[in-house]
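Data first, discussion second: the structure below is written as structure tokens.
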Amino acid sequence: INHCSGKKHKYSNRHKKRLENILKQFGQHITAIRTYLSKPIVEDGDYETNLAFWCHICRKNVIKNTSNDQLTVIHGGSLEHLASSEHYQNIHPFWIRNGIDNNRKKEFYILKDDFLKYKIALDQVLTQIFDKREEATMKLAADIKQQEQDRSNINKLYRDTNAEVIIYNTITSSLGVLQNPTGWHEGTRVWGGGVIKYSLKSDQWFPWPIDLDEESCKVAMENEDTDEGNILSGATPPWLLPDEDKQQGIGPSEEAFQQHVAKEEAKRRNPKRIGANYDRTTTVNENWLPLFGQVWNSGPRSHTRRDFKQRKN
């Protein structure tokens, strides 16, 4: 509100009309905020934390909601400002400066006692929210623990019902070597060796005969009479042979590659272009140029026409 016209300005009709509109709108906003005194509302997370309103009495923006990143108190900042000492102290100068009736002051601030009652009610709401969250967390933990216990019981029941006593026999080879699939015999470490099952569905193992005797461990090697030899015969591996021994190249030849590139370029051209179907492999002589019109002759058109008639006759 402009007060540059002197002290008499507040008595003018224009000033009174504008002041009444401002007080009406501001009063309606404060009345809406008062409804949260008796019923505090708390939202999860950051809920509209950037909203603000203009306090005409204090001449500044006031944040409406207060938040701690987990919970947001709706109009917590608005109620705290309207009940603050700063706001209450600015009311009297604003009333004197604008010539407002003193009986309307109580509409534009909140009493300290009412704000204290609001804080008590807010604490109760927050306590209920925290209790619900803790209860939900404890219930979730109990469900997880129960699931783990059920899984453990099922596994134990399965092991108890399917457990079978497996006895592995220790076998002595012809050389006196003890062999047992477990690798132990009467507390002594013995040869475990290769073991196989009696059947695919059986849990009973027995030693593989190849480990029982020294003779059975020998593997006969077939002698292949080849000129090149192999690694077992002591020949040089193929990848260590010099390049001149291998005449066959790897991959396509350069000529085949150039032909492939030319075909790929031809595919990208417009098939309906002028000269696309022209056979460039045909041979022509020097007289392929047309004689009519003498378009390659110099001079006027009449000379070429005369030459054309002479050739025709």
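Every number in this text was worked out from the coordinates using simple rules, so none of it is lab data. Since we're looking at a predicted model, the values are computed, not measured. Here the Cβ positions follow ideal geometry from the backbone for every residue, glycine too, while neighbour counts run over all protein chains shown.
Here is how the numbers come out for the structure above:
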| quantity | calculated |
| --- | --- |
| Distance (nanometres) between label positions extended 7 Å along Cα→Cβ at Thr281 and Leu140 | 7.7 nm |
| Given Lys60/Lys117; Lys119/Lys145; Lys60/Lys119; Lys24/Lys112; Lys39/Lys106, the pairs whose alpha carbons are separated by over 29 Å | Lys119/Lys145 |
| Packing rank of 74-82, 145-153, 272-280, where each peptide gets the mean count of other beta carbons within 10 Å, highest leading | 74-82, 145-153, 272-280 |
| Segment Ile96-Ala235, extension gain: residue separation times 0.36 nm, minus the distance between their alpha carbons | 38.6 nm |
| Using alpha carbons only: equivalent-ellipsoid semi-axes of the stretch 66-133, gyration tensor based, whole Å | 33, 12, 8 |
| Net dipole in debye of the stretch 1-127 [+1 Lys, Arg Cβ; -1 Asp, Glu Cβ; about Cα centre; nearest 20] | 1280 debye |
| Contour minus Cα-Cα distance for Ala32 and Arg59 (0.36 nm per residue) | 7.7 nm |
